[in-house]
Amino acid sequence: QVQLVESGGGLVQAGGSLRLSCAASGSGFSLPVVAWYRQAPGKQREFIARIFSLGSTVYADSVKGRFTVSRDHAKNTVYLQMNSLKPEDTAVYYCNYPIQGSWGQGTQVTVSS
C-alpha cells in the first residue's frame, strides 16, 4: 500500500505563495497519477489538480492559472505550487493516489486577508 505524506502548509497573506509537497513511499515505482484535493471547514473535499506520469495535468477552474502541479520521479514526490493565494484557498490540502484510494494526512493552508 502506498503511503503519502504532505508538507509545506502554513500561514500566508493574501497574494502570497506556498509550495506543498507530497512524498510517496511503499510503491517501488513512480506513481502513474497523483491528485491534490482540499477541504475547507464545513465544506466537501474538492478536487484541485492531477498529474500523470508523463507530466500531463488537469486543474480545477478555481485554481487554474494560479496553481501548478509538478513531480520529481527520482524523489517520488509531487508538488503543488500555489501563487496569488486568496482567503478562500484556506483549507486542509490532501494528496491522493486514486488507483489505491490512498490519502495523506493533509497539511493546513491558511490565507489571511
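Looking across segment 69-84, just one residue is at pLDDT 95 or above and on the phi > 0 side of the Ramachandran plot, and that is Ser84.
Could you please let me know if Ala14 is within 15 Å of the chain's Cα centre (by Cα) and open to solvent by less than 60 Å² (accessible area, probe 1.4 Å)? Before the answer, list the steps.
Working: within 15 Å of the chain's Cα centre (by Cα): no; open to solvent by less than 60 Å² (accessible area, probe 1.4 Å): yes.
Criteria not met by Ala14.
So in segment 85-105, with the set limited to residues that are among the polar types (S, T, N, Q) and more than 10 Å from the chain's Cα centre (by Cα), which one is most open to solvent (accessible area, probe 1.4 Å)? Full working, then the answer.
From segment 85-105, those among the polar types (S, T, N, Q) are 90, 96, 100, 102, 105; that's our starting set.
Narrowing the set further to residues that are more than 10 Å from the chain's Cα centre (by Cα) leaves 90, 100, 102, 105.
On the way: Thr90: 34, Gln100: 79, Ser102: 7, Gln105: 108 Å².
The selected residue is Gln105.
Could you list, in sequence order, the residues of segment 11-37 that are of a type in the set (S, T, N, Q) and either touching a Ser or Thr at 6+ places or on another chain (Cβ under 9 Å) or not in a strand (DSSP E or B) (or both)? Gln13, Ser17, Ser21, Ser27, Ser30 - these are the residues of segment 11-37 that are of a type in the set (S, T, N, Q) and either touching a Ser or Thr at 6+ places or on another chain (Cβ under 9 Å) or not in a strand (DSSP E or B) (or both). Filtered by the rule that a residue be in a loop (DSSP other than H, G, I, E, B), of a type in the set (Lys, Arg) and surrounded by 13 or more Cβ atoms within 10 Å (Cβ to Cβ), segment 38-54 gives a lone residue, Arg45. Annotation note: of Arg38, Arg19, the sole residue that is in contact with a strand residue (DSSP E or B) (Cβ under 7 Å, 6 or more places away or on another chain), basic (Lys, Arg) and farther than 18 Å from Tyr97 by Cα is Arg19.
Of the residues examined, Ser21 is not one that is among the small types (Gly, Ala, Ser), surrounded by 13 or more Cβ atoms within 10 Å (Cβ to Cβ) and modelled with pLDDT under 95.
For segment 85-101, a residue qualifies if it is among the polar types (S, T, N, Q) and at pLDDT below 95, and exactly one does: Gln100.
The set of residues in segment 71-84 that are touching a residue at least 12 places away in the same chain (Cβ under 8 Å) and open to solvent by 50 Å² or more (accessible area, probe 1.4 Å) comprises His73, Lys75, Gln81, Asn83, Ser84. Restricting to segment 68-90, count the residues that are touching an Asp or Glu at 6+ places or on another chain (Cβ under 8 Å) and more than 13 Å from Ile51 (Cα to Cα). The number of residues fulfilling the criteria is 1. Against the criterion of being more than 19 Å from Leu18 (Cβ to Cβ) and charged (D, E, K, R), Lys86 does not qualify. Kindly establish whether Ser7 is among the hydroxyl-bearing types (Ser, Thr, Tyr), open to solvent by 40 Å² or more (accessible area, probe 1.4 Å) and under 19 Å from Lys75 (Cβ atoms). Yes: the conditions hold for Ser7.
The values are calculated or read from the model by the stated rules, or taken from the named source; none is laboratory data. In this text, all values refer to a predicted model and were calculated from it rather than measured experimentally. Positions of Cβ are generated from backbone atoms using ideal geometry, with glycine treated the same way; all protein chains shown enter the neighbour counts. Surface accessibility is based on the protein's heavy atoms, side chains included, excluding ligands, DNA and RNA. Shrake-Rupley method; radii C 1.70, N 1.55, O 1.52, S 1.80 Å.
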